[in-house]
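Reviewing the structure listed below.
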Amino acid sequence: MATADAQIRIGKINYTNVWPIYHFFPHERFEGRLEWIETVPTGLNKAMKAGQIDMGAISSFAYGESYQDYEMYPDLSVSAVDKVNSILLFHRRPLEELDGARLALPTTSATSVNLLKVLLEKFYGVKPQYEYATPSLKEMMETNEAALLIGDDAIRASWTEHPYLVTDLGELWRRCTGTGMTFAVWAVRKQTIREFPELIADIHQAFLESKRHGVRDPESIIRQAMQTVGGEADYWRHYFRHLNHDFGEAQQQGLRLYFRYARELGLLAHDVPLQFWTDISRVR
């Protein structure tokens, strides 16, 4: 929703994995001060970097690329301890046989694409030939040995009959590293924090309230997922139960390791510190 006098523009990923944070957001409390911009993760990443959006759940990798411009909200993320169920690699051959194979990547992702590269190169010693493609399993696999899908595209593909092996990248990361994985973080532009410190604090509290409500009462989110994406209630209960939207020490540990490996492999040009927003707006 666009508002002419909005002070802060919030990017919203149009995937179900962030719904527990957004679903119960108290819009009426902010009286038109916010503008909501819905897009895919790569679109949100680019808009945040360009200053066209002030905050949002950007890809963890995008934070790593431009951390100098951002601080992260504590206690908010899109993470998984093990299986994430919506970041899936479909492949004809076992992972260790994919060296030099053609592998299709979605144009909608940043964290997951680079997570796949880290996992395959560091833990399996293979380097496929990567190419970007429209996120359609059927089309991707016409000319490739493997295809990565994320978000609702991955969920829908997992429901179809197909002959492929399927690897959940959250589960594989856990098996290889012993840590969970954080796929998106809640970033706020530093300039916006300086301009609207009290509003930034109020928005943080509102999102925490929405997240608590979403965890406590997921049934309305489940119904919306069934209406929007399809599937059965039991699937979505299982799906949301295995996501984690906290950003405590366990999530931070996994993310630091991801950034370290990405740096070692040259996917990131620098080390990445985790910089957190602190509410100083009430200090006088």
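The values are calculated or read from the model by the stated rules, or taken from the named source; none is laboratory data. Just so it is clear, the model here is predicted, and its values are computed rather than measured. Reconstructed Cβ throughout: ideal geometry from the backbone, glycine too, with neighbour counts over all protein chains shown.
Would you tally the residues in region 152-169 being crowded, with 16+ Cβ neighbours inside 10 Å and in contact with a Ser or Thr (Cβ under 8 Å, 6 or more places away or on another chain)?
So the answer is 5.
For region 36-66: of the residues being part of a strand (DSSP E or B) and among the aliphatic types (A, V, I, L, M), which is surrounded by the fewest Cβ atoms within 10 Å (Cβ to Cβ)?
Residue satisfying both the conditions and the ranking: I37.
Just give me the residues in region 230-247 being within 18 Å of the chain's Cα centre (by Cα), at pLDDT 95 or above and exposed (fewer than 13 other Cβ atoms within 10 Å of the Cβ), in sequence order.
none
For the structure I just gave you, tell me whether P128 is out of contact with any strand residue (DSSP E or B) (no Cβ under 8 Å at 6 or more places or on another chain) and in contact (Cβ under 8 Å) with a residue 24 or more places away in the chain.
No.
How many residues are in a strand (DSSP E or B) and either over 12 Å from the mean Cα position of the chain (by Cα) or modelled with pLDDT of 95 or more (or both) if we restrict to region 1-35?
6
If you go through region 178-193 one residue at a time, do you hit one that is in contact with a strand residue (DSSP E or B) (Cβ under 8 Å, 6 or more places away or on another chain) and on the phi > 0 side of the Ramachandran plot? First the steps, then the outcome.
Filtering region 178-193 down to residues in contact with a strand residue (DSSP E or B) (Cβ under 8 Å, 6 or more places away or on another chain) leaves 180-190, 192-193.
This time we only want the ones that are on the phi > 0 side of the Ramachandran plot, so: none.
No: region 178-193 contains no residue that is in contact with a strand residue (DSSP E or B) (Cβ under 8 Å, 6 or more places away or on another chain) and on the phi > 0 side of the Ramachandran plot.
Considering only residues that are in a helix (DSSP H, G or I) and in contact with a helix residue (DSSP H, G or I) (Cβ under 8 Å, 6 or more places away or on another chain), look in region 93-112 and name the one that is nearest to G151 (Cα to Cα).
Applying the first criterion (in a helix (DSSP H, G or I)) to region 93-112 yields 95-97, 111-112.
Narrowing the set further to residues that are in contact with a helix residue (DSSP H, G or I) (Cβ under 8 Å, 6 or more places away or on another chain) leaves 95-96, 111-112.
Numbers: L95: 21, E96: 25, T111: 12, S112: 10 Å.
The extreme case among them is S112.
Let me spell it out: the conditions are (1) over 18 Å from T192 (Cβ atoms); (2) under 12 Å from the mean Cα position of the chain (by Cα), and L76 meets all of them except one. Which number is the exception?
Result: L76 fails condition (1) only.
For region 256-274, what are the residues that are under 18 Å from the mean Cα position of the chain (by Cα) and part of a loop (DSSP other than H, G, I, E, B)?
Correct list: L267, L268, V272, L274.
Take L149 and decide whether it is of a type outside the set (S, T, N, Q), buried (at least 22 other Cβ atoms within 10 Å of the Cβ) and over 19 Å from L257 (Cβ atoms).
yes
When only residues in region 18-35 that are out of contact with any helix residue (DSSP H, G or I) (no Cβ under 8 Å at 6 or more places or on another chain) and surrounded by 16 or more Cβ atoms within 10 Å (Cβ to Cβ) count, which is farthest from V188 (Cα to Cα)?
Out of the qualifying residues, it is V18.
Within region 195-229, can you find the residues that are surrounded by fewer than 19 Cβ atoms within 10 Å (Cβ to Cβ) and of a type in the set (G, A, S)?
A201, A206, S220
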